[in-house]
1. Looking at T195, T208 in this structure, which one is in a helix (DSSP H, G or I), within 19 Å of L252 (Cβ to Cβ) and either touching a Gly at 6+ places or on another chain (Cβ under 9 Å) or in contact (Cβ under 8 Å) with a residue 60 or more places away in the chain (or both)?
2. From the list Y15, Y92, Y33, exactly one residue is touching a residue at least 40 places away in the same chain (Cβ under 8 Å) and surrounded by fewer than 17 Cβ atoms within 10 Å (Cβ to Cβ). Which is it?
3. Only one residue in E73, E101 is of a type in the set (D, E), without any contact (Cβ under 8 Å) to a residue 40 or more places away in the chain, surrounded by fewer than 17 Cβ atoms within 10 Å (Cβ to Cβ) and closer than 30 Å to A163 by Cα, so which one is that?
4. Tally the residues that are crowded, with 18+ Cβ neighbours inside 10 Å and either closer than 22 Å to S55 by Cβ or under 17 Å from the mean Cα position of the chain (by Cα) (or both), restricting the search to segment 227-246.
5. When you scan segment 223-278, how many residues do you find that are part of a loop (DSSP other than H, G, I, E, B) and either touching a Ser or Thr at 6+ places or on another chain (Cβ under 6 Å) or in contact (Cβ under 8 Å) with a residue 24 or more places away in the chain (or both)?
6. When segment 151-184 is examined, which residues are found to be hydroxyl-bearing (S, T, Y), farther than 21 Å from L93 by Cα and outside any strand (DSSP E or B)?
7. Identify, please: which residue in segment 169-226 is aliphatic (A, V, I, L, M) and surrounded by 22 or more Cβ atoms within 10 Å (Cβ to Cβ) and is, among those, nearest to S149 (Cα to Cα)?
8. Quick check on segment 27-45: of everything there that is hydroxyl-bearing (S, T, Y) and under 22 Å from the mean Cα position of the chain (by Cα), which residue is nearest to R258 (Cα to Cα)?
Amino acid sequence: MSTIVNAMSVDVEDYFQVSAFDSVVSRGNWDQYESRVVANTRRLLELLARTKTTSTFFILGWVAERHPSLVREIVAQGHEVASHGYHHQLAYLLTPQQFREDVRSAKATLEALTGQAVLGYRAPSYSIVQSNLWALDVLIEEGYVYDASIFPIRHDRYGIPDATRHIHELKRQAGTLLEFPVSTVRMGNINLPVTGGGYFRLLPYQWTRWGIRRVNNEGQPAMFYVHPWEIDPDQPRMDVGRLTRVRHYGGLSTTEQRLAKLLQQFRFASVSSVMNLTGVPVPA
């Protein structure tokens, strides 16, 4: 097992709230769908407890408001609570004012439930890209200390291919923000995604293991992410196109088993803890 402690993160959203379903699921109808987020998140909490692992839970404000006891359970078990926004809207489709209202309401909701400052933010679907870097200034102005939204890859829906790959400080007009990007491996002149989400579910397990080892061999911690719905093969199916079906439903039946194996092979902790260990302290 590597001596480097990597970051474990959970994006707490329900299966019907993913960005890929925006065309078939209206936010106004979210309350009409069967909610499975509490049961699935508790399964992740049980797995983390068995492996004595702490994580950062990036929680949607909408979910937190409807399931406050879940948020309190997460805190009671020693995990970090951070913001995933309120309505799971792609940041690059919002105006600066709409984005501000979303991240402000999510932060306020989570802080009221936990009694603790919410320091971190992750945009839905990594939707801080080159065209909306102004969002970083809004985060600073709204009191966030770190961001985990930038994915240094080329993708059809997100990514900043030439972004810095490891933990770093972002100097912005509004001040300074710490950034912990999703982990990639540099191959030639491109970055390849190696940790979390569909890349973890759809690609061979060995790909993730190799990728984390490569990142650790650079002397850097990796950032891993998972969603509660990714360990739920019995979730209701949406009427979506073939590519979305593959991306969303592929590998659901094996994700929990894979995650248990990963937690045995590598060391993980919350995002704030890992940044503190690497010498880039997160101000409380």
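Since every read-out is calculated from the coordinates, none of them should be taken as a lab result. Every value quoted in this text rests on a predicted model; they were computed, and no experiment measured them. Neighbour counts run over all protein chains shown; Cβ positions are idealised from the backbone, glycine included.
1. T208
2. Just a single option satisfies the conditions, and that option is Y33.
3. That would be E101, the only listed residue that is of a type in the set (D, E), without any contact (Cβ under 8 Å) to a residue 40 or more places away in the chain, surrounded by fewer than 17 Cβ atoms within 10 Å (Cβ to Cβ) and closer than 30 Å to A163 by Cα.
4. Here the count works out to 7.
5. Going through segment 223-278 one residue at a time, the tally reaches 15.
6. Answer for segment 151-184, where residues must be hydroxyl-bearing (S, T, Y), farther than 21 Å from L93 by Cα and outside any strand (DSSP E or B): T164, S183.
7. V182
8. That would be T41.
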